[in-house]
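Below is one structure, written out as C-alpha cells; the observations come after it.
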Amino acid sequence: MALLETTDLHSNVVGYDYYKLAPDTSLGLDRTATLIAQARAEFPNNLLFDNGDTIQGTALADWQALAKPVRCDQVLGIYKVMNQLGYDGGGIGNHEFNYGLSYLGQVTGSRFDVAGVAKRKTACAGPTFPQVLANIYSLKTSRPLFTPYRIIEKKITAQGLDGKPVATTIKVGIIGFTPPTILSWDKRNLEGKVYAEGLRETAQKYIPEMRARGADLIVAISHGGLDDSPYAPSMENGNWYLAQVPGIDAMLLGHSHQKFPDAASTVAQFNLPGVDKVRGTVHGVPTVMANLWGKHLGVIGLHLRRDGQRWVVEKDRTTVEARGTQQADKSLVAADPAVLATIAQEHAATIAYVKTPVGTTAFRLSSYFSDVGDSSALEVVNQAQTAYAARYIKANLPKLGGLPLLSMTAAFKSGFAGPADYTDVAPGSLALNNAADLYLYPNALYVVKISGAELKGWLETSAKRFNTIDPALATAQELVNPGHPSFNFDTVTSPDFSYRIDVTKPVGQRIVAMAWRGKPVDPGASFLVATNNYRASGGGNFPGIDGSKTVLASPDNNRDVLIDYVRAAKTLTRAANGSARSWRFAPVKTAGPVVFHSAPGKLALAREAGIDNVSELQADDGKGFALYAVDLSK
Amino acid sequence: MYRNGAGVPVDKARAARLFEQGALEGDADAAFTLANMLRDGEGVAPDAAAARRWLQRAADGESPEALQQLAMEEPDPARAAQLFREAAHALQHTVR
C-alpha cells in the first residue's frame, strides 16, 4: 500500500506564472496529477494526502480570497481539483492562516467556534476529504480548531494465505500538525483567538487514543521539517522529536521546501543523527517530504502483513521516494488536462485580474538613465514608501514622528542581462503585472533609524556605482563600475533632500553638500529611512545597516505598497511623480569624455526627464548597447 | 554591537567571531551577516569561497535576504525566478 504526499502546493494548481502571464512548466498540481496517476497504477492500494500550505501563494489565491472572495456555496479552486483527484485526507500548513480564520473556516467547510469569528449555522462548501490538525486550539472553547485526527477505513485488496486476492479494510489513522510559530507569523489573524501546543505533547495525547479506536496504521501529516535543537513546545520544526513518539508508522512532512529522501542532500536537517537520507527514515519511521509547488510527489510504499489481530508493517520492505515531475532525461511528465479544465474559469479570471488597471501614468517610467540622475522609475517608489512609512509611524510609532523621513530605492533593472533589461513602462494604464516591472524584487517595506553620518555612509556606498574620474585625462573614461550592481545604487528622490556626488573623489569621499530642507545634515542628527528588508537586514553590506537599525519590519510588500499608492493617486504625472532629483554630479570640467552604456535610441527619454547633459556617441557599442556621454560640467 | 560600536568600542574581529558562533548555531541572519563580512574582508581576511558557503547556509536556513542575494547573482533566469519566489515565501515567515 502506498501513501502518496503532496505538500506546499501554494495554490499552484496549473503551472502558470500570473505575473509574466506565461506557462511555467516547472511546477503545478496539473503535472503532479500525472505522477499521482502513475503511482496509483503501480500501487492499487493507496492513499493520497496533502500536507498543507495549499490555499495561498499565487495571484489565483489572492483573487479568490481578496479580489473576488469565493462564495459560501463555491469550492475553492484548488480544493475543487483535489476533490476531483480523490484525496483521502489533508493537513493544515501555516499559510492556511494567512487570509484569516473566517476565510479559512469558510473554504475548509468548517464551523469554527473562536473569538471574533461568527460561527456559521451550516458549513460552506469545501474539501470532500477530511482535514486534520491536532495542535491548534480555540481559546474560547479549548477544543481543537479542526478535527485533530481521523481514522479512515480504506478498502484494499490483499493477498490471502492461499495466494488469492482478498478484499479487506484497513483503518488508517491520520493526525495533523502545524508549526506553533503561526502565532507570531500570523499574529494579526490569530492573537486572542487560538493557541498552539507542541508536537510531542499533542502526539502523546492523541496517538494512544487513535490506537484504542482501532487505527491499524498511524500517519502523521506534519507541516514542518526536522530540528534537533533542545525540544520546546514552541519549536517550528519539531518532527525529529515527533518521530520518537511511539506509535507513528509514517511521517509526511513539508514546510521546508525540500525533498526527502535525497541521498545527495546537504541540507542540515537531513544530516542529523537518526536521519537516514538515503532510505527516508527518521528514527526508523518512514518519512517523506515532497519539495514544493507540486514539483514532486512523495511515495511511501508499505508492505503490510496481517499478524493475527492486526496489520504489521514489514519495515525492511518499505520504500520511500520523492518523485519529480522532471524525469531523469530532464523532460517533464505531461500535465493532466483535466486539472486546467476544472479551474478554467478561475484561471481566466485571475489573468483578467492581474491585467486590471490600478491607475494610469501620463509618462514613461524607465530606468535607462538612472545612473545619470533620471528618477522616472524611482520617484513613485520612494513616494509610495514614504507615504506608507509616514502613515504607519504616525499611527503606531508616534515617538519617532518628529524625525525627518526619507526613502531610498534603486533601479533593479539596469542592463545587466542585456539592452532589453531595463524597467520601461509605457504611458497608459498600469496593471498589477506592471507593478511587478516597477518593483521587481519580492521585498517587504522596512524602516531604519540612522544618524546623519550613517546616512552619508549609505550614500557613499551607493556611489561605489561610479568609477573615480580623472578630470585631466583626455581619453574616454567609463562612468559606471559594473562591479557595483545597480540594485545597490540607492538614491533619494525628494525635494526635501539634496546632495552631490563628486566622482573625481575616491570611494568614501564623494557625497558632498548633503542638505535636509536646505540645511546641512548634522552627522549626529537622526533620520528615518524607508527601504526594503534586503537593505535593512544587511544586503549589500552597507555600513551599519545590518538589521540593528530596523524600527519597522512591515508585513507589507514594497510592490503592494506601490500598487496602493498608484490606486490612490489614480494618475501619475511627470511633474508630480517622475522629476524630483535629490542628487546631481558635483560639476567638473573633464578633458576627455565620460561615457556610459544604455539601450540605444533613448536620448529623447533623457530629455523628457530633464537630463540635459547626455549625448549619444555611438549607436552600437558592439554589445547591443549605445555609448552615451555625460557632460559633468553641466 | 561590536560591529557598529553600539555602546562599546568597535571590534570587527570580535563581531565576526560572534556572528560565526551564531551562524554555526544555525542562525540564518548571522550566517548572512558573516557572509557579507567575509566577502568584504570586514574583521576577517576576505574569503569569497567561505562567503559563498555561508550565504548558501543562510539561504538553506530561509534567510529571505540570502535567497534574494543568490537570486540576483544567478545567471540562469529560471533558477533566479525560483530563488526569488523562495525569497518571497521565506519573507512571509520571518519574525524580527
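All of the numbers you see were taken from the coordinates with simple rules; none came from a lab. Because the structure is predicted, anything quoted here is derived from the model rather than measured. In this analysis, Cβ positions are derived from the backbone assuming ideal geometry, glycine residues included, and neighbour counts consider all displayed protein chains.
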Evaluate E = 1/(1 + (r/R0)^6) for A:S526 and A:K20, where r is the Cβ-Cβ distance and R0 equals 45 Å; express this FRET efficiency to the nearest 0.05. 0.60
How big is the charge dipole of region A:81-213 about its Cα centre, in debye rounded to the nearest 20, if each Lys and Arg gets +1 on its Cβ and each Asp and Glu gets -1 on its Cβ? 340 debye
Listed by chain and number, the residues whose amide H is under 5 Å from that of A:Y16, excluding neighbours fewer than 5 places away on the same chain and using placed H, are A:D24
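Per residue of B:33-41, count partner chain C-beta atoms within 10 Å of its C-beta, then hand back the mean as an integer. Don't jump to the answer; show the numbers that get you there.
Details: counts 6, 0, 2, 6, 3, 0, 1, 3, 0.
Going residue by residue through B:33-41 and averaging, the value is 2.
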Count, for each residue of B:80-93, the Cβ atoms from other chains sitting within 10 Å of its Cβ, then give me the mean as a whole number. 6
First measure r as the distance between the Cβ atoms of A:R111 and A:A67, then evaluate 1/(1 + (r/R0)^6) with R0 = 30 Å and state the FRET efficiency to the nearest 0.05. 0.70
The ³J(HN,Hα) series, computed from each phi in region A:225-234 with the Karplus coefficients 6.51, -1.76 and 1.60 at θ = phi - 60°, rounded to the nearest Hz and given as x for glycine or proline, is x, 10, 7, 9, 5, x, 4, 9, x, 8
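Region A:512-601: Rg/Rh from Cα coordinates, Kirkwood Rh? Could the numbers behind the result be given before it?
On the way: Rg = 18.1 Å, Rh = 17.5 Å.
Radius of gyration relative to Kirkwood radius: 1.03.
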Alpha-carbon Rg with Dmax, taken over region A:224-281, Å: 11.0, 31
At q = 0.10, 0.13, 0.27 Å⁻¹, what base-10 log of I(q)/I(0) does the Debye formula yield for region B:12-92 when every alpha carbon is treated as an equal point scatterer in vacuo? -0.23, -0.37, -1.17
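Give the percent of DSSP beta bridges with both residues in region A:23-176 that are antiparallel, rounded to the nearest 5. Can you show the working numbers first?
Numbers: 12 of 16 bridges.
Percent antiparallel among DSSP bridges in region A:23-176 is about 75.
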Return the subset of A:K456/A:K505; A:K171/A:K277; A:K205/A:K277; A:K20/A:K413 for which the Cα-Cα distance in this structure is over 24 Å, preserving the input order. A:K171/A:K277; A:K205/A:K277
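Roughly how large, in nm² to one decimal, is the mean projection of the convex hull of the alpha-carbon atoms in region A:2-351? Walk me through the numbers before you get to the answer.
Numbers: hull surface 71.8 nm².
Averaged projected hull area, Cα only: 18.0 nm².
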Based on Cβ point charges of +1 for Lys and Arg and -1 for Asp and Glu, what charge dipole magnitude is obtained for chain A about its Cα centre, in debye rounded to the nearest 20? 1420 debye
Across region A:423-565, how large is the tail of the calculated P(r) beyond 28 Å, expressed as a percent of all Cα pairs? 27 percent
What distance in nm lies between label points placed 7 Å from Cα along the C-beta direction at A:N83 and A:K315? 4.1 nm
Computed over the Cα atoms, what is the radius of gyration of region A:311-444 divided by 2.2 N^0.38 Å, N being its residue count? 1.68
Dipole of the protein assembly as shown [Lys/Arg +1, Asp/Glu -1 at C-beta], most positive-end residue of A:V588, A:N541, A:V81: A:V81
Taking a crude spin-label model, label points 7 Å out from Cα along the C-beta direction, the A:R211 to A:A328 distance in nm is 4.1 nm
Taking amide H positions as placed in the peptide plane 1.01 Å from N, state which residues far from A:V320 in sequence (5 or more) or on other chains have amide H under 5 Å from it. A:G301
Could you work out the mean projected area of the convex hull around the alpha carbons of the protein assembly as shown, in square nanometres to one decimal? 33.9 nm²
With +1 on the Cβ of every Lys and Arg and -1 on the Cβ of every Asp and Glu, the dipole magnitude of region A:2-351 about its Cα centre, in debye rounded to the nearest 20, is 880 debye
With a point put 7 Å past each Cα toward its Cβ, work out how far A:A338 is from B:L24 in nm, to one decimal. 5.5 nm
So for region A:189-323, taking the charge dipole from beta-carbon charges (+1 Lys/Arg, -1 Asp/Glu), which of A:T318, A:H283, A:G294 sits furthest toward the positive end? A:T318
Kirkwood Rh over alpha-carbon pairs of region A:570-634, then Stokes-Einstein at 4 °C and 1.567 mPa s: what D in µm² s⁻¹, rounded to an integer? 97 µm²/s
Checking the cross-link filter: which lysines have an alpha carbon closer than 18 Å to that of A:K193, excluding same-chain neighbours under 8 positions apart? A:K119, A:K140
Could you pull out every residue, at least 5 positions away or on a different chain, whose amide H is within less than 5 Å of the one on A:I152? Hs are placed 1.01 Å off N in the peptide plane, and Pro or chain starts have none. A:V172, A:G173, A:I174
Putting +1 on Lys and Arg Cβ atoms and -1 on Asp and Glu Cβ atoms, find which of A:V380, A:P404, A:A348 reaches farthest to the positive end of the dipole of region A:288-415. A:P404
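For every helix of n ≥ 4 consecutive DSSP H residues, a contribution of -39,500 (n - 2.57) applies; sum these over chain A, divide by its total residues, and give [θ] at 222 nm rounded to the nearest 500 deg cm²/dmol. Don't skip to the end; give the middle numbers.
On the way: 17 runs with 139 residues, N = 634.
Using -39500 (n - 2.57) per qualifying helix, the result is -6000 deg cm²/dmol.
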